[in-house]
1. Which ones in the stretch 178-199 are surrounded by 18 or more Cβ atoms within 10 Å (Cβ to Cβ), in a helix (DSSP H, G or I) and touching a strand residue (DSSP E or B) at 6+ places or on another chain (Cβ under 9 Å)?
2. Return the only residue of 247, 202, 154 being in a helix (DSSP H, G or I), assigned by TED's automatic domain parsing to the domain that holds residue 21 and either more than 23 Å from the chain's Cα centre (by Cα) or surrounded by 14 or more Cβ atoms within 10 Å (Cβ to Cβ) (or both).
3. Listed residues 228, 196, 207, 186; which is under 24 Å from the mean Cα position of the chain (by Cα) and more than 24 Å from residue 156 (Cα to Cα)?
4. So is residue 106 more than 19 Å from residue 128 (Cα to Cα) and in a strand (DSSP E or B) or not?
5. Quick check: is even one residue across the stretch 165-177 in the same structural domain as residue 46 (by TED's automatic domain parsing), surrounded by 17 or more Cβ atoms within 10 Å (Cβ to Cβ) and out of contact with any strand residue (DSSP E or B) (no Cβ under 6 Å at 6 or more places or on another chain)?
6. Could you give me the residue pairs with C-beta distances under 7 Å whose first residue belongs to the stretch 136-155 and is without any contact (Cβ under 8 Å) to a residue 24 or more places away in the chain, whose second residue is surrounded by 21 or more Cβ atoms within 10 Å (Cβ to Cβ) and in a helix (DSSP H, G or I) wherever it lies, and which are 6+ apart or on separate chains?
7. Could you tell me how many of the residues in the stretch 239-262 are under 18 Å from residue 188 (Cβ atoms) and in contact with a helix residue (DSSP H, G or I) (Cβ under 9 Å, 6 or more places away or on another chain)?
8. Among the listed residues 121, 113, identify the single one that is crowded, with 21+ Cβ neighbours inside 10 Å and touching a helix residue (DSSP H, G or I) at 6+ places or on another chain (Cβ under 8 Å).
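The values are calculated or read from the model by the stated rules, or taken from the named source; none is laboratory data. Note that the coordinates shown come from a computational prediction; the quantities given were computed from them, not determined experimentally. Glycine gets a Cβ as well: all are built from the backbone with ideal geometry, and neighbour counts include every protein chain shown.
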């Protein structure tokens, strides 16, 4: 039985938020945690796709079977939302590559998350990225034809360190970013105990017709450079507050700081779509004091910058070569 392996990193969006959809320049952070996908093939006369998805605890949270002509579901849970979404992705991958899964082979796929589903680190984007490498298709086109979005999460999935990301008229542009603040040991990611729906957040943003997006994007781009070049924690915090105020005034949204942490001594910044997932917290106090503050308020997931953010540029070329070769092998086998 032949076998292939694919991997995509999770993501955090430090700047840009909603306005990344209209060209704001953003700092995006790939995470050390991601999603693996293992694919095995077995000769057969009646090919079937067997799919299993496992959570961070190793429990199977989704399972289904599909025929390979139209990817119709053969399982009893054919009306399950996860089935419908996966069908959409697979059918779109077939449109982009008509040779995808055309051999007389049973296909066994197992996906494994390295973070809880509720964290919002990119269970969907890492899946899109892994399937695109498997099918040898464009991950950005696959994303746009399925979930939509800016694509920064796809860039993070294949990156080995922080990146700058921007949507331009001719498509997404991203490059490695030297974002390695010496005060990174004073930066923490705190989970708000709820997951934000990215598609709903995007729809909300597009409904804001009275926002001067050109002006807001200029302001956010200015903050991008302030955050990137900050040499001291206070300077970094001032830029975070400025970024939060821009979004608050533009979209009439309340800051996480005002809603949950008004007595906190450092800066609090929402990441990505406001209202759920993670916030970034700065602290000039000890890790023990910082975590105790959040623990006492019911926020038990507090992770340091160094624990979560991937910063390993030396292996970037090695990883990209591996992924490309895996994708080529996948196409060759079909």
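1. Listed by number, the list holds a single entry, 186.
2. On the way: 247 fails: assigned by TED's automatic domain parsing to the domain that holds residue 21; 202 fails: assigned by TED's automatic domain parsing to the domain that holds residue 21.
Residue meeting the stated conditions: 154.
3. On the way: 228 fails: more than 24 Å from residue 156 (Cα to Cα); 196 fails: more than 24 Å from residue 156 (Cα to Cα); 186 fails: more than 24 Å from residue 156 (Cα to Cα).
Just a single option satisfies the conditions, and that option is 207.
4. Values: more than 19 Å from residue 128 (Cα to Cα): yes; in a strand (DSSP E or B): yes.
Yes; evaluated as a whole, the condition is true for this residue.
5. yes
6. Listed pairs, sorted by first residue: 139/128; 139/129; 139/132; 139/154; 143/128; 143/154; 151/143.
7. Number satisfying all stated conditions: 9.
8. Values: 121 fails: touching a helix residue (DSSP H, G or I) at 6+ places or on another chain (Cβ under 8 Å).
So the residue among 121, 113 that is crowded, with 21+ Cβ neighbours inside 10 Å and touching a helix residue (DSSP H, G or I) at 6+ places or on another chain (Cβ under 8 Å) is 113.
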